[in-house]
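Here is the structure we will look at, set down as C-alpha cells.
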Ligand code: UDP
Ligand code: MG
C-alpha cells in the first residue's frame, strides 16, 4: 500500500466486529505491550462491517497514534478469517501476529511469539494453557480438534486459538490464494516450512459477547474440514460400499428364506428401523456433498471475497517524498 513509509518489523492484525465495549481496554494494553518490545511495529485493525460505534472508536485511535495504526474498513460482514486475510494484504511487516480484539489473547504474550519466530521458525502457533470459555465450547472444540487431527494432515494442537505469528514467506503465499471459505491457521500451516507451537495464557472475554453462534461455529468447522480434507467424502464412498455388501447379503438371505420357508411378513418394524437409519445416512451424505458443492459454487463465481470501503493510514510525509519544487509550491500556496 504505502511503499514510501519505512517497513515495520512486526504487523499485528486484529479483526473487529461489534467490539465497541472492549476496544478502549484493548488499546490500553496493546500499545504499551508493543512499545515495550522496542521494535518498529504497525497495528492493522480490520473492521468487519461492525454496526456499533467500533468504526468511530478506531478512527479516533488512528488519529491518536497514526504512526503505528492503520484501519481497513470493510463495507459489510465477511467473517473473521476474511478480515484477517485482508489485514495480511495490507500489512507490511516481516512478522505478522494475529489476535482477537476481545483481550482473550493477552497482548503481553506477543513478545513470546516474536522471540520464538526469531529462533528461525516461520509459523508459531499457540496453545491456551487454561482455556477461559464456556464448558460446552471447550468440550466441542476439543472434539473437533481430535476429528481434524485424524482427517486432515494439519497438526495444530489448539485450532480455535488465533494468537499466532506468521513469517512473511507464509503470508505472501496466503496472499496469493483466492479461497473464499478458509481457515487461516490451517492455510498457514500448509505453507510453513518450520512450524512450532508455544503455550500462552488465555483470559475471559473483556467485554461484549462471542460473535459466534452455534450455527456459525458449525459453518466455520465445515470450512476447516472441507477446505483441507477429502476424507469425509471418501469415508462416505467406503460406507456406501460396505452397506451395499451388507444389503446384497440380506437380499440373498431373504431370497433363500423365501424359497425354503415361504413369504414372511414379520419383522416389519425392524425393516422400518433399518430403512430410516439408511435414509438418515443418505441424507447426511447428500448434505455433506452439498457442503463441498456449495463451496465450489462460491469459488467458481469468483466474486470479490471482501470489499474494502476505505483504509485509514498515514500518507508519506511530503517533505520526504515530494520533489523540492512541489514542496515549495505547497508552501507558497499556503502563504498566498
Ligand atoms: N470477528 C470478526 N467477524 C466476525 C466474527 C468475529 O471479525 O464475523 C472477530 C471478533 O471481533 C474478534 C474475533 O473475530 O476480534 C474473535 O471473535 P470472538 O471473540 O467473538 O470469537 P470466540 O472467542 O468466541 O471464538
Ligand atoms: Mg473471543
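Quick notes
- Any hit, region 129-137, residues being away from ligand 1 (no atom under 15 Å from the Cβ) and in contact with a helix residue (DSSP H, G or I) (Cβ under 7 Å, 6 or more places away or on another chain): no
- So residue 220, is it within 16 Å of ligand 2 (Cβ to nearest atom), assigned to a helix (DSSP H, G or I) and closer than 21 Å to residue 297 by Cα: yes
- Of all the numbered requirements in (1) outside the structural domain of residue 77 (by TED's automatic domain parsing); (2) surrounded by 10 or more Cβ atoms within 10 Å (Cβ to Cβ); (3) at pLDDT below 95, residue 269 misses one, and that requirement is (2).
- Criterion (within 16 Å of ligand 2 (Cβ to nearest atom), in the same structural domain as residue 311 (by TED's automatic domain parsing) and farther than 22 Å from residue 10 by Cα) met by exactly one of 126, 50: 50
- Test: residue in region 94-102 that is away from ligand 2 (no atom under 16 Å from the Cβ), modelled with pLDDT of 95 or more, under 22 Å from residue 309 (Cα atoms) and out of contact with any strand residue (DSSP E or B) (no Cβ under 7 Å at 6 or more places or on another chain): no
- Test: residue in region 53-63 that is within 26 Å of residue 305 (Cβ to Cβ), within 13 Å of ligand 1 (Cβ to nearest atom) and either touching a helix residue (DSSP H, G or I) at 6+ places or on another chain (Cβ under 6 Å) or outside any helix (DSSP H, G or I) (or both): yes
- Residue among 46, 124 that alone is in contact with a strand residue (DSSP E or B) (Cβ under 8 Å, 6 or more places away or on another chain) and under 16 Å from residue 211 (Cβ atoms): 46
- Test: residue in region 213-223 that is in the same structural domain as residue 108 (by TED's automatic domain parsing) and in contact with a helix residue (DSSP H, G or I) (Cβ under 7 Å, 6 or more places away or on another chain): yes
The values are calculated or read from the model by the stated rules, or taken from the named source; none is laboratory data. Not measured: the values here are computed from a predicted model. Cβ: placed from backbone, ideal geometry, glycine included. Neighbour counts: every protein chain shown.
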